[in-house]
1. Let me confirm something: among GLY113, GLY141, which residue is part of a strand (DSSP E or B), open to solvent by 10 Å² or more (accessible area, probe 1.4 Å) and not basic (Lys, Arg)?
2. Across segment 39-82, which residue is farthest from THR100 (Cα to Cα) among those that are open to solvent by less than 20 Å² (accessible area, probe 1.4 Å) and of a type in the set (Ser, Thr, Tyr)?
3. So which residues in segment 35-56 are more than 19 Å from THR148 (Cα to Cα) and out of contact with any Ser or Thr (no Cβ under 7 Å at 6 or more places or on another chain)?
4. Could you tell me whether segment 73-86 includes any residue that is over 15 Å from SER36 (Cβ atoms) and aromatic (Phe, Trp, Tyr)?
5. Just give me the residues in segment 83-109 being open to solvent by less than 40 Å² (accessible area, probe 1.4 Å) and over 20 Å from ILE40 (Cβ atoms), in sequence order.
6. Within segment 116-125, restricting attention to residues that are of a type in the set (A, V, I, L, M) and either free of Cβ contacts under 8 Å to residues at least 24 places away in the same chain or not in a strand (DSSP E or B) (or both), which residue is surrounded by the fewest Cβ atoms within 10 Å (Cβ to Cβ)?
7. Name the pairs: first residue in segment 147-175 and without any contact (Cβ under 8 Å) to a residue 40 or more places away in the chain, second residue assigned to a strand (DSSP E or B), Cβ to Cβ under 9 Å, at least 6 apart or on different chains?
8. Search segment 126-138 for residues being hydroxyl-bearing (Ser, Thr, Tyr) and open to solvent by 40 Å² or more (accessible area, probe 1.4 Å), and hand back the single one that is nearest to TYR98 (Cα to Cα).
Amino acid sequence: MSIRIAVMGGALLAASTCFAGVITFDDISVPPGYDSYVPILNGYQSFDWNNFGAFYGPGSPLSGYAAGVISSPNVAFNLAANPASFSSDTQFTFTSTYFTAAWNDGLNITIEGLDGATVVDSTTIVVSATVPTLATFGWDGLTEVDFTSFGGTQHSGYTGHGTEFALDNLTINGTPEPSTVLLVGVSGLALLCSRRFRR
């Protein structure tokens, strides 16, 4: 029994490593310029995106969009400060991401993780307008993550106002089907990962 559990653990570890990914939003073509952004379209990185845009961070230096850039040049943000979400038909693990308030010090962001219509996890965090906050979740078995921002006070010296937030380097892990893990096994998964990395 103990050997079988150890092997299963190794298979699951290999699978989650193989499907891990960081979404930087930098592969979205956003024209460089002042307050330049484009909507994030469904299908980007295999997710459906609701009310998210990709913003060219350096184009707005007096804002949290510039302060929130982790990997240059783009960040994601909630369009018009409205609730935003991303979702998938396949379950995933919401591991971590960086948040920065676009304009308001002490901005509140409520995050909910859902499996279908069921809320699995939820939390509210408070973020800065000048320094990115790394939030670690580790929420698994999700099909959707929702974001709602509110509150805070305008940061002195920033040129805009509102409850938008910048999001960068979103880390997602896939949740493979158990039957796939059982059939492929550790060596098969290792081979699959090595082929994917070589591509």
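The values are calculated or read from the model by the stated rules, or taken from the named source; none is laboratory data. Since the structure is predicted, the reported quantities are computational estimates derived from the model, not experimental observations. Every residue, glycine as well, gets a Cβ built from its backbone with ideal geometry; the counts of neighbours run over all protein chains shown. Heavy atoms of the whole protein, side chains included, go into the accessibility calculation; ligands, DNA and RNA do not. Shrake-Rupley method; radii C 1.70, N 1.55, O 1.52, S 1.80 Å.
1. GLY141
2. SER60
3. Scanning segment 35-56 gives SER36, TYR37, VAL38, LEU41, ASN42, GLY43, TYR44, GLN45.
4. Taking every residue of segment 73-86 in turn, at least one turns out to be over 15 Å from SER36 (Cβ atoms) and aromatic (Phe, Trp, Tyr).
5. Selection gives THR93, TRP103, ASN104, GLY106, LEU107, ASN108.
6. Checked segment 116-125; the qualifying residue surrounded by the fewest Cβ atoms within 10 Å (Cβ to Cβ) is ALA117.
7. Close Cβ pairs (under 9 Å, with a partner that is assigned to a strand (DSSP E or B)) amount to SER156/ASP105.
8. Among residues in segment 126-138 that are hydroxyl-bearing (Ser, Thr, Tyr) and open to solvent by 40 Å² or more (accessible area, probe 1.4 Å), the one nearest to TYR98 (Cα to Cα) is THR133.
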